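Q: Dropping the structure in here first, questions after.
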Amino acid sequence: MEIIMSILAGMLFTAGVYMILQKQILKIIIGTALLSHGAHLFIITMGKLNRGKPPILSEGVTNYVDPLPQALILTSIVISFGVTSFLLVLAYRTYQTNGTDNMEKLRGNENE
Amino acid sequence: MLHAAVLLPFLAAFFIPLIYRGVKQVHLGWFVLLVPILLFGYFLTFIKGVMQGVHTLKTFEWIPSLGVNVTFYIDGLGLFFALLITGIGSLVVLYSIYYLSKAEKLGHFYVYLLLFMGAMLGVVLSDNLFVLYTFWELTSISSFLLIGYWYQREKSTSGALKSMMITVFGGLAMLGGFLLMADITGTASIRGIIENGEMIVNSPLFPFILILVLLGAFTKSAQFPFHTWLPDAMEAPTPVSAFLHSATMVKAGIYLVARLSLVFAGTDLFFLIVSGFGLLTLCWGSYMAVTQTDLKAILAYSTISQLGMIMAMLGFGTELAILAAVFHILNHATFKGSLFMVAGIIDHETGTRDIRKLGGLFTFMPITALLAFFGTFSMAGFPLPFLNGFLSKEMFFDSSLHFEDASTIVEAVSPFFPYFAVGGSIFTFVYSIMLFFRTFTGKQRGTLSKQPHEAPIGMLLSPMILVLLVVIIAFIPDAFGHALLSPMVDAVNGSVGETHIKFWHGFGPALYMSLSVLILGTALYLAREKWQHIYKAFPGKLSAAKAYDGLINGLLRGSRKLTNGYMTGSLRHYMIYIFVFFIALVGITMSVTGGFQINYNDLAPIAVPEVMIAIVMAGAAFATVFMKNRIAAILVLGIVGYGLSLLFVFFRAPDLALTQLIVETVTVALFLLCFYHLPNFDKKKESKRTNAVNWVISISVGVLVTMVGIASHSTKLFEPISDYFLKNSYKLGGGDNVVNVILVDFRGLDTMLEILVLGLAALGIYTMIKLRPGKKEGND
């Protein structure tokens with residue numbers, strides 16, 4: 001199962017990186033979102049899958065899944081949410097101000 | 001006490017601005033003057049001890065872990081330089097009181113000057129190579145500040161920058177040499193290194209060490225071809241030129257060579273480089289000085305040439321040559337210092353330093369002219385018994401003729417040395433008397449902005465004292481010889497015999513050399529109109545200054561080109577750099593270390609629903625890439641997110657699943673909100689090549705991530721730390737939900753900063769929506 005999930009994470013990365021290399025802002029944002037999904041999957045896979053009960057302590061259970069990746073991912077989900085919404089608003093404002101959402105056209109000048 | 005003495009100028013530099021603010025009526029220089037005079041008196045007390053061979057050593061542990069101690073050490077060499085720095089320093093400060101009016105930024109000036117004084121004392125007194133290096137660079141910095149003192153003038157700033165570039169370049173090279181020396185001998189103490197000198201000379205790295213250290217010395221002492229910064233440094237106020245750029249700082253390189261002579265001298269390489277470049281600099285400097293028209297430029301080239309002469313004598317390495325070298329350091333400081341001050345007086349009282357405009361000043365300024373007479377004729381080495389310059393020039397000729405127990409290379413090269421010595425001296429003679437006669441005799445050739453008149457007595461006082469020294473030294477050279485020079489030769493040479501300096505050497509080669517300089521020099525001076533055009537042919541357009549400019553401009557252009565080459569402003573390019581670097585780094589590491597392994601033994605069983613979800617997610621992820629429609633792309637992205645939260649459910653991560661579900665919902669809603677304001681996807685396709693590059697990079701990244709994931713699962717190098725959290729969650733954190741306890745307790749700081757990130761994002765979003773340029777707030 002871990003191998004399958006690793007492959008899936010790799011595929012999410014592939015799609016994410018491809019989208020990030022595009023020119024339109026919306027595509028780039030979709031790319032970052034895919035990238036963070038891939039990363040989350042990657043982290044939880046590294047902690048071994050399905051080896052016990054959910055990490056909520058209860059009587060008589062000694063075997064739990066690894067809680068640490070989950071804590072890391074939880075932090076990460078929230079942060080990537082913040083980043084995604086920031087980027088979305090940034091894209092909206094960029095388009096309003098500059099009239100284009102094409103990154104190649106938004107390059108700086110020579111002497112900036 | 002010794003530490004306090006070196007520290008005193010720095011302390012004074014700290015308090016000077018306060019005095020400057022408080023006391024406006026008295027010229028700031030009077031307060032500053034106390035510092036060098038006090039120090040001069042303090043160092044004088046060491047003379048008796050040093051004459052008897054008593055050396056003072058004071059240590060203060062600065063960075064014990066690195067073996068860097070601030071050890072100050074007074075022997076003949078250090079003491080002489082300390083006296084030179086403080087003595088000339090006193091006279092220069094006195095002179096500057098009359099030279100700089102109160103309208104100038106005196107606070108800055110004296111702070112820089114004191115910084116320099118302290119740094120220079122540190123250079124000549126410290127026994128630790130790295131402390132010496134620190135002070136060395138500090139002198140470069142204070143020199144930079146002083147040259148750029150009149151920072152409104154473009155020439156000042158460019159001259160300051162040039163001196164900084166060249167001397168700091170040399171300083172860094174020198175540091176490299178120091179590091180190698182300290183590494184080979186295992187000590188950073190100069191005395192320790194001298195004791196272990198053979199280890200360095202016998203090391204295979206010796207040529208590198210020598211060249212690196214000499215780079216430092218040659219750049220600082222303006223040796224060919226690094227001399228080009230010194231003429232440009234003449235933009236500094238004249239007291240600075242007299243102090244830093246003739247008497248003290250430019251002699252730091254001489255000091256370094258002298259100090260390390262006990263290590264290097266005796267090797268052929270040292271002999272060839274130091275005496276060769278010294279003689280070359282002597283000739284080139286004096287040759288170039290003749291064609292200058294600015295008084296200070298003549299003096300600058302003259303200083304270069306004289307430094308070359310001293311350097312050459314240190315290169316000769318015989319006891320006679322070393323004595324002549326140290327004697328000439330003293331003499332040069334006296335006559336060149338006085339000449340710089342005279343040049344400053346002429347500039348101050350006539351408004352120009354251009355000798356094409358000057359002339360006949362003798363009638364207006366007889367005292368200045370008399371001072372200049374002693375200075376210039378001493379510099380020329382004119383055979384008069386009251387000029388110290390003649391004594392050391394004669395000794396220089398003598399030393400260029402005698403080489404004891406010479407090796408084959410020395411024997412092969414040394415017969416040419418007297419010719420260089422005479423050649424350089426002839427031009428020295430020419431520019432020296434030209435300087436005097438064209439300024440003070442004949443008719444005034446141009447209109448001056450000021451009616452020339454004699455300078456105030458305060459301004460004349462310092463050059464007078466120096467000229468007095470010129471004469472005194474010439475009459476009783478042995479008194480100085482015993483008190484100062486013998487201990488110095490001892491420090492440089494390791495031993496000292498009899499040092500008797502005499503005016504009359506009898507009829508010998510040295511005398512004939514002096515006479516030929518006198519005759520040829522006079523002839524060349526009289527016939528100067530006829531041969532001046534030779535400068536058009538040589539050096540013509542060649543000059544070290546041009547080479548420097550070309551180098552600097554080339555470097556600037558090159559780096560700009562390089563930077564513009566990859567800093568294209570294109571986000572895609574930057575992302576490509578990052579990904580390619582990631583691929584290269586991880587890929588190479590993995591293939592080199594053989595880190596990729598697959599271990600099939602320890603896998604979770606494959607469950608059908610999970611695989612189904614995975615397939616759907618993969619499909620959806622790639623669908624976002626190919627979707628032409630924005631809403632469709634966003635919804636498909638949502639499928640990936642929801643799929644992930646389902647997977648979290650299967651993988652027993654209830655908290656993750658819940659959070660992911662909520663966040664995904666909100667994100668999709670946000671996307672849908674925003675896309676309305678954004679334009680449609682471009683219909684235009686990317687070029688095939690771009691597309692191919694994108695795919696190659698993204699697939700490589702994906703494959704590498706997969707490989708890392710599998711490899712990390714298959715290799716267990718150490719036990720996971722998660723057990724700690726499971727065991728202590730209730731005991732230490734008081735909660736059953738281990739993930740939550742980790743977040744709010746074990747890794748609470750993480751969570752707090754995460755909240756901060758969210759807050760910042762919210763603030764950013766609010767700002768972007770609410771604040772617009774050109775619109776008043778609240779109009780939305």
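Q: When only residues in the stretch B:251-276 that are under 22 Å from the mean Cα position of the chain (by Cα) and not aliphatic (A, V, I, L, M) count, which is most open to solvent (accessible area, probe 1.4 Å)?
A: B:R259
Q: Then there is this: Would you confirm, using the coordinates I've provided, whether A:G47 is more than 7 Å from chain B (Cβ to nearest Cβ) and either open to solvent by 20 Å² or more (accessible area, probe 1.4 Å) or in contact with a Gly (Cβ under 8 Å, 6 or more places away or on another chain) (or both)? Break it down stepwise before answering.
A: Working: more than 7 Å from chain B (Cβ to nearest Cβ): yes; either open to solvent by 20 Å² or more (accessible area, probe 1.4 Å) or in contact with a Gly (Cβ under 8 Å, 6 or more places away or on another chain) (or both): no.
Against the criterion (more than 7 Å from chain B (Cβ to nearest Cβ) and either open to solvent by 20 Å² or more (accessible area, probe 1.4 Å) or in contact with a Gly (Cβ under 8 Å, 6 or more places away or on another chain) (or both)), A:G47 does not qualify.
Q: Scan the stretch A:74-88 residue by residue and report those that are polar (S, T, N, Q) and open to solvent by less than 30 Å² (accessible area, probe 1.4 Å).
A: Residues of the stretch A:74-88 that are polar (S, T, N, Q), as a first pass: A:75-76, A:80, A:84-85.
Across the stretch A:74-88, the qualifying residues are A:T75, A:S80, A:T84, A:S85.
Q: Out of B:Y20, B:Y73, report the one residue that is at pLDDT below 90, open to solvent by 10 Å² or more (accessible area, probe 1.4 Å) and in a helix (DSSP H, G or I). So that I can check it myself, show each step before the final result.
A: Values: B:Y73 fails: in a helix (DSSP H, G or I).
Answer to the check: B:Y20.
Q: Another question, if that's okay. Take the stretch B:637-655 and flag every residue that is free of Cβ contacts under 8 Å to residues at least 24 places away in the same chain, part of a helix (DSSP H, G or I) and facing another protein chain (nearest Cβ under 9 Å).
A: Answer for the stretch B:637-655, where residues must be free of Cβ contacts under 8 Å to residues at least 24 places away in the same chain, part of a helix (DSSP H, G or I) and facing another protein chain (nearest Cβ under 9 Å): B:V640, B:F648, B:P654.
Q: Select, from B:F169, B:F226, the only residue that is part of a loop (DSSP other than H, G, I, E, B) and open to solvent by 10 Å² or more (accessible area, probe 1.4 Å).
A: Values: B:F169 fails: part of a loop (DSSP other than H, G, I, E, B).
Of B:F169, B:F226, the one residue that is part of a loop (DSSP other than H, G, I, E, B) and open to solvent by 10 Å² or more (accessible area, probe 1.4 Å) is B:F226.
Q: Could you list, in sequence order, the residues of the stretch B:425-456 that are of a type in the set (A, V, I, L, M, F, W, C), touching a Phe, Trp or Tyr at 6+ places or on another chain (Cβ under 9 Å) and farther than 13 Å from B:A372 by Cα?
A: Passing the criteria: B:F427, B:F429, B:V430, B:A455.
Q: Also, quick follow-up: For the stretch B:667-694, name all the residues that are open to solvent by less than 80 Å² (accessible area, probe 1.4 Å) and more than 7 Å from chain A (Cβ to nearest Cβ).
A: Within the stretch B:667-694, B:V668, B:A669, B:L672, B:E686, B:S687, B:T690, B:N691, B:A692, B:V693 qualify.
Q: Next up: Restricting attention to the stretch B:144-156, which residues are farther than 11 Å from B:F109 by Cα and either polar (S, T, N, Q) or touching a His at 6+ places or on another chain (Cβ under 8 Å) (or both)? Please lay out each step first, then the result.
A: From the stretch B:144-156, those farther than 11 Å from B:F109 by Cα are B:144, B:151-156; that's our starting set.
Within the stretch B:144-156, B:Q152, B:S156 meet the criteria.
Q: Additional query: Given the criterion out of contact with any Leu (no Cβ under 9 Å at 6 or more places or on another chain) and either assigned to a helix (DSSP H, G or I) or not acidic (D, E) (or both), identify the matching residue among B:L314, B:L339, B:L330. Let's see the steps before the verdict.
A: Values: B:L339 fails: out of contact with any Leu (no Cβ under 9 Å at 6 or more places or on another chain); B:L330 fails: out of contact with any Leu (no Cβ under 9 Å at 6 or more places or on another chain).
So the residue among B:L314, B:L339, B:L330 that is out of contact with any Leu (no Cβ under 9 Å at 6 or more places or on another chain) and either assigned to a helix (DSSP H, G or I) or not acidic (D, E) (or both) is B:L314.
Q: Hand me the list of helices (runs of 4 or more DSSP H) wholly inside the stretch B:702-775 holding 2 or more residues that are open to solvent by less than 20 Å² (accessible area, probe 1.4 Å), among the basic types (K, R) and within 7 Å of chain A (Cβ to nearest Cβ). Break it down into steps so the answer makes sense when it comes.
A: Working: elements: B:722-728, B:738-741, B:748-770.
In the stretch B:702-775, no matching helices (runs of 4 or more DSSP H) lie anywhere.
Q: Can I ask one more? Please tell me if A:G108 is modelled with pLDDT under 80 and on the phi > 0 side of the Ramachandran plot.
A: Numbers: modelled with pLDDT under 80: yes; on the phi > 0 side of the Ramachandran plot: no.
Here the answer is no, as A:G108 does not meet what is asked.
Q: Got a sec? Which of A:A71, A:A91 is open to solvent by less than 30 Å² (accessible area, probe 1.4 Å), touching a residue at least 12 places away in the same chain (Cβ under 8 Å) and within 7 Å of chain B (Cβ to nearest Cβ)? Walk me through it before giving the result.
A: Numbers: A:A71 fails: touching a residue at least 12 places away in the same chain (Cβ under 8 Å).
Criteria check complete, one pass: A:A91.
Q: Select from the stretch B:529-570 the residues that are more than 24 Å from B:G159 (Cα to Cα), among the small types (G, A, S) and either in contact with a Leu (Cβ under 9 Å, 6 or more places away or on another chain) or more than 14 Å from every other protein chain (Cβ to nearest Cβ) (or both) and list them in ascending order.
A: Within the stretch B:529-570, B:A537, B:G569 qualify.
Q: Which condition from (1) facing another protein chain (nearest Cβ under 7 Å); (2) part of a helix (DSSP H, G or I); (3) among the polar types (S, T, N, Q) is the one that A:S80 breaks?
A: (1)
Q: With respect to A:A9, is the statement that it is under 26 Å from B:I721 (Cβ atoms), assigned to a helix (DSSP H, G or I) and more than 7 Å from every other protein chain (Cβ to nearest Cβ) true?
A: Values: under 26 Å from B:I721 (Cβ atoms): yes; assigned to a helix (DSSP H, G or I): yes; more than 7 Å from every other protein chain (Cβ to nearest Cβ): no.
Considered against the rule, which asks whether it is under 26 Å from B:I721 (Cβ atoms), assigned to a helix (DSSP H, G or I) and more than 7 Å from every other protein chain (Cβ to nearest Cβ), A:A9 comes out as no.
Q: Is one or more of the residues making up the stretch A:27-35 in contact with a Leu (Cβ under 6 Å, 6 or more places away or on another chain), in a helix (DSSP H, G or I), more than 7 Å from chain B (Cβ to nearest Cβ) and modelled with pLDDT of 85 or more?
A: Checking the stretch A:27-35: at least one residue is in contact with a Leu (Cβ under 6 Å, 6 or more places away or on another chain), in a helix (DSSP H, G or I), more than 7 Å from chain B (Cβ to nearest Cβ) and modelled with pLDDT of 85 or more.
Q: A further question follows. Determine whether A:E104 is acidic (D, E), surrounded by fewer than 17 Cβ atoms within 10 Å (Cβ to Cβ) and either within 30 Å of B:I699 (Cα to Cα) or within 7 Å of another protein chain (Cβ to nearest Cβ) (or both).
A: Numbers: acidic (D, E): yes; surrounded by fewer than 17 Cβ atoms within 10 Å (Cβ to Cβ): yes; either within 30 Å of B:I699 (Cα to Cα) or within 7 Å of another protein chain (Cβ to nearest Cβ) (or both): yes.
For A:E104, the condition - acidic (D, E), surrounded by fewer than 17 Cβ atoms within 10 Å (Cβ to Cβ) and either within 30 Å of B:I699 (Cα to Cα) or within 7 Å of another protein chain (Cβ to nearest Cβ) (or both) - is met.
Q: Only one of these conditions is not met by B:L83: (1) of a type outside the set (D, E, K, R); (2) farther than 17 Å from B:T334 by Cα; (3) surrounded by fewer than 23 Cβ atoms within 10 Å (Cβ to Cβ). Which number is it?
A: Status for B:L83: all satisfied but (2).
The values are calculated or read from the model by the stated rules, or taken from the named source; none is laboratory data. Nothing here was measured: the structure is a model prediction, and the numbers come from that model. Cβ coordinates were reconstructed from backbone atoms using ideal geometry, including for glycine residues, and neighbour counts include every protein chain displayed. Side chains included, ligands, DNA and RNA excluded: accessible areas come from the protein's heavy atoms. Shrake-Rupley method; radii C 1.70, N 1.55, O 1.52, S 1.80 Å.
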